[in-house]
Amino acid sequence: MTTLVDLFKCIPTAIEVPTPLAVCNPSVARVENGWLVLVRAMDPVPYSGLDKPYRSSENWLIQYDRDFLPQSRIRLQDRAILESCPEARNGLEDGRLFAWSGRQWVLFTGLRRGASGYVNTMLLAQIDGDRLSNPVVLPSPHRCSREKNWMPWVMDDTLFLVYSTQPLEVYRYDAGRLVRVRGGAGTPTNSGTMVSGSSQVIPWGSDYLAITHQRSRAPLTSRLIQKYVTRDPEYQKKKVLFFHRMILLDRHFNIKAQSKPFQFEVEGVEFCAGLAAQDDRVLITYGVMDEKARMLELDPSQVDRLLGRKARRPNMARIAPPIETGKPLPTVDLIVLNYRNFGTTGARCLDSLWAQCDTSRIRVKLLDNGSPDASPADIREYAQRHPRLEYECLPENLGFAGGMNYAAQQGTGEWLLLVNNDTIFLPGSLGNLTSALAAAGPDIAAVGPITNEAGNAQGYFMEGTREQILAAAAIFHKSPIKRLLPLYRLDFFCVAIRRAVWTALGGLDPIYGLGYYEDFDFSVKARHAGYRLMMCEDAFVYHQGGGSFKQSETTKRLIRANRDLFTGRYPEVALPHKREGNLETLRLYQCLIESGYPVEQLTERIALRMKALAREAPKSLYKRLRWEKAQATLHLR
């Protein structure tokens with residue numbers, strides 16, 4: 001089944017609160033100055049048996065700004081409700097945020113343990129600062145003891161509650177009573193064919209949008225394979241599957257369109273409790289395995305694709321922000337990490353910088369990472385001829401992550417520019433890159449240049465000697481596109497990282513040893529924290545590749561070991577082939593052209609990337625057919 005993270009090549013944002021409890025099933029709502037997120041924190045003990053002690057269940061409210069950067073986190077005080085409402089004495093679960101009559105409300109499921117099991121009751125509560133107040137217990141339309149997953153729908157300042165969507169059953173709230181307005185004549189069977197609510201119902205143009213879910217058991221063959229063949233440690237959690245659909249409703253309570261079923265990121269228990277849209281951004285919040293809270297951002301055009309409707313034009317000013325000139329340039333700590341071969345790699349890298357480096361804003365630091373050859377002596381000699389260079393030679397190799405972490409501690413620049421020693425900056429690249437940093441919004445954590453050698457969309461397919469490639473790359477500066485383009489991840493051959501983000505995320509993880517996959521790890525952490533990663537196509541940096549590592553068997557074993565470490569840490573994160581990033585960039589070009597961007601500015605780039613598409617096509621017939629299908633929507637020929 002399709003997962004949204006794979007379909008749209010996105011990495012979800014992690015929603016976190018300062019509690020030792022497991023967080024899950026968040027809800028989101030738009031507010032005037034940003035977004036509100038309600039997230040549940042719980043102890044799993046209540047589900048382990050009636051004889052077990054019940055410890056804790058919490059609800060937290062997080063205020064985010066428009067760029068989805070957290071501004072405040074507060075634990076909502078709910079003791080008064082738990083004490084006054086027997087239906088909720090063991091906690092308030094799975095709240096859906098919504099605005100009604102100028103106030104913020106939550107539709108909760110109240111939890112009460114009884115001698116015969118758990119009883120769930122739907123309950124409305126108002127958010128009043130840091131408190132939940134004015135609780136209203138909602139009667140079950142079918143007198144069921146376990147009511148969950150109703151969907152709040154505010155239309156013309158009237159509150160409606162969607163009981164289920166298959167069959168469609170809707171009630172109007174009227175002073176504590178429920179008045180049926182659609183369906184509901186029979187008694188629900190609670191079978192696997194019933195599709196109940198997940199998110200709120202939100203305005204979507206002249207219609208309304210929601211996400212529903214359906215619960216089913218995993219196929220027997222899948223369960224047996226997980227238990228006896230792959231011995232999946234998550235086997236018990238994957239016996240039950242949740243899949244979701246987007247649905248479009250009109251004002252008369254009719255379903256106009258619905259998507260094919262999808263999962264968010266993994267097979268198993270996923271639960272969506274939040275959907276919000278604002279400023280051409282769609283946020284979906286969901287829980288994973290009752291232990292993680294996530295947020296995905298989609299563009300409205302991607303929602304159109306899911307619903308099978310004609311996709312609107314995406315907001316390219318948001319997706320690919322323009323690089324505006326004239327803004328004050330930031331201060332930068334440029335760190336070149338050298339390991340071996342300084343005379344043939346590091347020296348060339350530094351020589352390419354001096355003519356375009358304004359040392360009043362850019363501090364250049366060279367760190368030799370315990371080179372066993374003559375590099376330390378060569379560096380000291382080089383520094384005598386270039387007094388602007390700060391340098392240090394370490395007695396041992398700290399690895400790529402360790403070396404960069406060490407050097408980054410010593411600066412104060414607003415941005416860190418981490419540079420491999422086997423790179424050469426094309427004239428003008430450093431200036432173009434710092435202009436891009438000046439234009440980057442606060443939600444952009446890192447920016448990387450383009451190159452000839454990288455494992456993602458930053459790498460162009462360019463043949464020839466170093467001199468020939470540098471000469472051919474001049475076209476990127478002659479026809480600048482003056483846009484930042486989004487990336488799934490960044491390659492750290494050369495990368496600019498906002499220092500505040502670097503500090504907040506703790507730098508690079510040294511667990512990856514000498515190198516490989518620490519850049520992907522940092523990219524994921526930045527995306528989980530809600531930041532975006534960008535590529536500056538107006539800055540070209542030549543990358544030799546393998547300047548520090550030779551492709552020996554030892555290096556190959558290191559790559560495999562670090563890949564296994566990474567995938568074990570982030571099993572939900574895809575490892576897309578470079579060709580997929582290349583295709584996504586071409587789609588961005590297409591969207592730019594459709595929005596009025598001059599095609600002549602992109603002609604050379606399109607030709608190079610189309611050449612790479614043909615060169616990197618899969619060899620197996622099955623993969624090739626899927627690859628050709630993926631390219632079918634591309635009209636750049």
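The values are calculated or read from the model by the stated rules, or taken from the named source; none is laboratory data. Just so we're clear, the structure is a prediction, and the values are computed from it rather than from any experiment. Cβ sites come from the backbone with ideal geometry, for glycine too, and all protein chains shown count toward neighbours. When the accessible area is computed, the model is the full protein with side chains, heavy atoms only, and any ligands, DNA or RNA have been set aside. Shrake-Rupley method; radii C 1.70, N 1.55, O 1.52, S 1.80 Å.
What the table below lists for this structure:
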read-out	value
Subset of segment 148-180 [open to solvent by 50 Å² or more (accessible area, probe 1.4 Å), within 18 Å of GLN200 (Cα to Cα), in a strand (DSSP E or B) and touching a residue at least 24 places away in the same chain (Cβ under 8 Å)]	GLN166
Filter pass, VAL524 being open to solvent by less than 30 Å² (accessible area, probe 1.4 Å) and within 13 Å of ALA454 (Cβ to Cβ)	no
All positions within segment 378-425 that are charged (D, E, K, R), over 11 Å from LEU367 (Cα atoms) and surrounded by 15 or more Cβ atoms within 10 Å (Cβ to Cβ)	ASP378, GLU414, ASP422
Considering residues of segment 307-325 that are open to solvent by less than 30 Å² (accessible area, probe 1.4 Å) and touching a Ser or Thr at 6+ places or on another chain (Cβ under 8 Å) only, the residue nearest to HIS244 (Cα to Cα)	LEU307
Qualifying residue in segment 621-635 (condition: small (Gly, Ala, Ser), under 25 Å from the mean Cα position of the chain (by Cα), within 29 Å of PHE264 (Cα to Cα) and open to solvent by less than 40 Å² (accessible area, probe 1.4 Å))	yes
Only listed residue being modelled with pLDDT of 65 or more, in contact with a His (Cβ under 8 Å, 6 or more places away or on another chain), assigned to a strand (DSSP E or B) and not basic (Lys, Arg), chosen from ILE211, ILE247	ILE211
Close pairs (7 angstrom Cβ cut-off, 6 or more residues apart or separate chains): polar (S, T, N, Q) in segment 405-419, assigned to a loop (DSSP other than H, G, I, E, B) anywhere	ASN405/GLY507; ASN405/LEU508
Pairs, first without any contact (Cβ under 8 Å) to a residue 40 or more places away in the chain and among the small types (Gly, Ala, Ser) in segment 356-380, second open to solvent by less than 10 Å² (accessible area, probe 1.4 Å) and assigned to a helix (DSSP H, G or I), C-beta under 8 Å, six or more apart	SER371/PHE342; ALA374/PHE342; SER375/PHE342; SER375/GLY346
Residue ID - farthest from ILE81 (Cα to Cα), chosen from residues in segment 115-134 that are touching a strand residue (DSSP E or B) at 6+ places or on another chain (Cβ under 6 Å) and open to solvent by 50 Å² or more (accessible area, probe 1.4 Å)	ASP130
Candidate set from segment 100-114 (those that are of a type in the set (S, T, N, Q) and assigned to a strand (DSSP E or B)); member that is surrounded by the fewest Cβ atoms within 10 Å (Cβ to Cβ)	GLN104
Residue match in segment 268-278 (condition: open to solvent by 50 Å² or more (accessible area, probe 1.4 Å) and either within 15 Å of GLY205 (Cα to Cα) or not hydrophobic (A, V, I, L, M, F, W, C) (or both))	no
Qualifying residue in segment 38-53 (condition: open to solvent by less than 70 Å² (accessible area, probe 1.4 Å), at pLDDT 90 or above and touching an Asp or Glu at 6+ places or on another chain (Cβ under 6 Å))	yes
Qualifying residue in segment 581-593 (condition: over 22 Å from LYS478 (Cα atoms) and acidic (Asp, Glu))	yes
Condition check for GLY431: open to solvent by 10 Å² or more (accessible area, probe 1.4 Å) and assigned to a helix (DSSP H, G or I)	yes
Residue among ALA457, ALA496, ALA446 that is assigned to a loop (DSSP other than H, G, I, E, B) and open to solvent by less than 10 Å² (accessible area, probe 1.4 Å)	ALA457
Residue count, segment 12-36 (criterion: open to solvent by 10 Å² or more (accessible area, probe 1.4 Å), part of a loop (DSSP other than H, G, I, E, B) and of a type outside the set (S, T, N, Q))	6
